[in-house]
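Derivation of every value follows stated rules applied to the coordinates shown; laboratory data play no part. Owing to the predicted nature of the structure, the values given are computational and were not obtained by experimental measurement. Reconstructed Cβ throughout: ideal geometry from the backbone, glycine too, with neighbour counts over all protein chains shown.
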Amino acid sequence: MTALERKPHVITIAGAGSARVPALVGTLVNYKERFPLSKIIFYDIDRERMGLMEAYDRLVLKCFYPECEVVFTTDEDEAYSQTDFVFCQMRVGKTAMRSLDEKIPLRYGLVGQETCGPGGFAYGMRSLGAMKHMVEKVRSYSKDTWILNYTNPAAIVALGLDKMFPDDKRILNLCDQPYSLMKSFAKILGVPQDILRARYFGLNHFGWFTALKDTEGKDYFDQLRTYLRDHDFKPFNAEQRAKSWLDTYVRVNKYMKYFDEYIPTTYLQYYMFPEEIVEESDPHYTRADESRDTREKEVFEACAKAEGKDSMDRADMLVNSVFGNLMVEVAESIAYDLNHEFIVLVRNEGIIDNFEEDAIVEVAGTIGKDGAKGYPFGPIGPFYKGLMQGQYAYELLTVEAFMEQDYTKALQALTLNRTVVDPSKAKAVLDDLMEANKEYWYLK
């Protein structure tokens, strides 16, 4: 099938108030031959925030995608009733709740991070409620619409959706972190990213790269592993990253001074070095504030320049070579049954043959018209199995706490989490998070 023969699709961007959306629009323009669209529906419950970017989004699409119909709406029926793909990136509670997710744990000397530890727990509980509602609404119109979920924390959301909708084969949970790391590996090695093929296992934000070859079979893993033992690890776009993000990458080097068999995801730093991270954290200014004052501010300022404009003269088109590329490439691979290779989130079912069958694991695999399929991995060693079983128990108890409104299971979940451990701290932070989140979730 050539690009000219590809049927155009209708997509809905759910969470169109995200500051990431203008860059996603740029990616959709760049991929228009590969993944053509007849209509884009921008949907958010916050019209004001979505409106900060509307003029820019409309201008880019008018200039570079005039054949594509554009709709902005706060009406979920209009958003979901006739669409082929939902690109979902909700942030329930927006930056204000993210800020509390990060600051409340720091009161107790615990890691304050939006997807890991107590902050990730609170965010996950909010996300599960919103995602459940969204899936039910989409399915009230169509069983065929693909839901490509980018809502965090992906591990908790993916497991929760699998428990609540176990027979729904058109929900695909995504994370761009392995994709981003592959881009960084390619830069270090001086090779194109698209020729690299990885092997990987774990849970989302809790995994390890175990092999890296190119499409001709050349093995780069030992070369990369040696480099990361001897040089500071930097992301491919290090010059655009804040210091807190650069510190995150350098801790990969620190981890590998102890365990250098595999290359870890950057998020393992929160589970391996929590006390150090807390010591370095400012309880009054966390990543939520940093993001608001840097990336979000820059995006909103760039979008404001589009007001009243009829052309893109002297205006840059925003793009995101990780988040945007991944989401569009996944949709393309599904729509045209390309079975391209990605790091995927799938139900285990024997992929890791000595791990829980019902766990949502993150492994290398392919994506096509039937969704994601993970490559068989085989058994994992006791160190990795032990770490993953504790983390999976935390994820499962979190999901069950949400579904059953069960306080005890929530307390057990947080006590199991490697960033907490102490039940007295787990109870204190849980009680504070419950109070802060009472508009979103409740436990009894």
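Of all aspartates and glutamates in the structure, those lying under 16 Å Cα to Cα from Lys62, and not within fewer than 8 positions of it along the same chain, are Glu54, Glu307, Asp310, Asp313, Asp316. The order of the peptides 294-305, 426-437, 323-334 by mean Cβ neighbours within 10 Å, most packed first, is 323-334, 426-437, 294-305.
Of the trypsin sites (Lys or Arg not before Pro) in the stretch 333-381, not one is in a loop by DSSP (not H, G, I, E or B) with at most 11 other beta carbons within 10 Å. A simple rule links phi to the HN-Hα coupling: the Karplus curve 6.51 cos²θ - 1.76 cosθ + 1.60 with θ = phi - 60°, which for the stretch 181-189 gives 5, 4, 5, 5, 4, 4, 5, 4, 7 Hz, with x for Gly and Pro. Over the Cα atoms of the stretch 69-203, the radius of gyration divided by the Kirkwood radius equals 1.03; this is the Rg/Rh ratio. Averaging the Cα positions of each part gives two centres, and for the stretch 373-444 and the stretch 105-123 these lie 12 Å apart.
For the chain, what does the helix formula give at 222 nm: sum of -39500 (n - 2.57) over DSSP H segments with n ≥ 4, over the residue count, nearest 500 deg cm²/dmol? Per the formula, -14500 deg cm²/dmol.
Here the stretch 175-247 is assigned +1 on the Cβ of each Lys and Arg and -1 on the Cβ of each Asp and Glu. Its dipole about the Cα centre then comes out at about 80 debye. Under 5 Å from the amide H of Thr115 lie the amide H atoms of Gly120, each residue being 5 or more positions distant or on a separate chain, with H modelled from the backbone and absent for Pro and chain starts.
Relative to its residue count, the stretch 77-148 spans a Cα convex hull of 79 Å³ per residue. Modelled label positions at Asp77 and Thr215, each set 7 Å beyond Cα in the direction of Cβ, lie 4.8 nm from each other.
Every Cα-Cα pair of the stretch 229-290 was included, and the share exceeding 14 Å stands at 59 percent.
Under the convention that each Lys and Arg Cβ holds +1 and each Asp and Glu Cβ holds -1, the size of the dipole of the stretch 228-330 around its Cα centre is about 160 debye. The calculated Kirkwood hydrodynamic radius for the stretch 111-191 is 14.2 Å, given to one decimal from all distinct C-alpha pairs.
Note that the stretch 326-374, at 4 °C in a medium of 1.567 mPa s, gets a Stokes-Einstein diffusion coefficient of 118 µm²/s from its Kirkwood radius over C-alpha pairs. Classify the stretch 37-76 from the C-alpha gyration tensor, please: rounded if a/c falls under 1.5, else prolate or oblate depending on whether a/b exceeds b/c. Oblate, since a/c reaches 1.5 and b/c is not below a/b. Assign one of three labels to the stretch 1-61, namely rounded, prolate or oblate, based on the Cα gyration tensor with a ≥ b ≥ c the square roots of its eigenvalues; rounded applies when a/c is under 1.5, prolate when it is not and a/b is larger than b/c, and oblate otherwise. Since a/c reaches 1.5 and a/b is larger than b/c, the shape of the stretch 1-61 is classed as prolate. For the chain, calculate the relative contact order in percent as a whole number, restricting contacts to Cα pairs under 8 Å that are 6 or more residues apart. Relative CO of the chain lands at 18 percent. Can you grab the distance from the C-alpha centre of the stretch 12-64 to the C-alpha centre of the stretch 203-254, Å, no decimals? Each part's Cα centre sits 31 Å from the other's.
Counting Cα-Cα pairs of the stretch 128-266 in 5 Å increments starting at 0 gives whole-percent bin shares of 2, 9, 17, 18, 15, 12, 11, 9, 6, 2, 0. Taking the fewest neighbouring Cβ atoms within 10 Å as the starting point, the ordered list for Phe206, Phe377, Phe221 is Phe221, Phe377, Phe206. Here the stretch 363-444 is treated as a Stokes sphere of Kirkwood radius computed over C-alpha pairs; at 10 °C and 1.306 mPa s its diffusion coefficient rounds to 107 µm²/s.
With the Kirkwood sum run over all distinct C-alpha pairs, the stretch 276-414 has a hydrodynamic radius of 19.5 Å. In the stretch 130-243, the DSSP beta bridges split such that about 75 percent are antiparallel, to the nearest 5. Among the GluC sites (Glu not before Pro) in the stretch 2-110, those placed in a DSSP loop whose Cβ has at most 12 other Cβ atoms within 10 Å are Glu33, Glu67. Over all distinct Cα-Cα pairs of the stretch 213-364, the Kirkwood formula returns a hydrodynamic radius of 19.6 Å. Placing unit charges on the Cβ atoms only, positive for Lys and Arg and negative for Asp and Glu, gives the stretch 319-444 a dipole magnitude near 320 debye about its Cα centre.
Computed from backbone phi with θ = phi - 60° and the Karplus coefficients 6.51, -1.76 and 1.60, the 3J(HN,Hα) list for the stretch 332-341 is 4, 5, 6, 4, 10, 6, 7, 6, 5, 8 Hz; x is used for glycine and proline.
Considering every Cα-Cα pair within the chain, what fraction, in whole percent, is farther apart than 41 Å? Of the Cα pairs, 12 percent sit more than 41 Å apart.
Between the listed residues Tyr150, Phe402, Met388, the Cα displaced farthest toward the positive end of the dipole of the chain, a dipole computed from Cβ unit charges relative to the Cα centre, is found at Met388. Using the basic label-point model (7 angstrom from Cα toward the beta carbon), what is the Ala55 to Tyr375 distance in nanometres? Each label point is offset 7 Å from its Cα along the Cβ direction, giving 4.9 nm.
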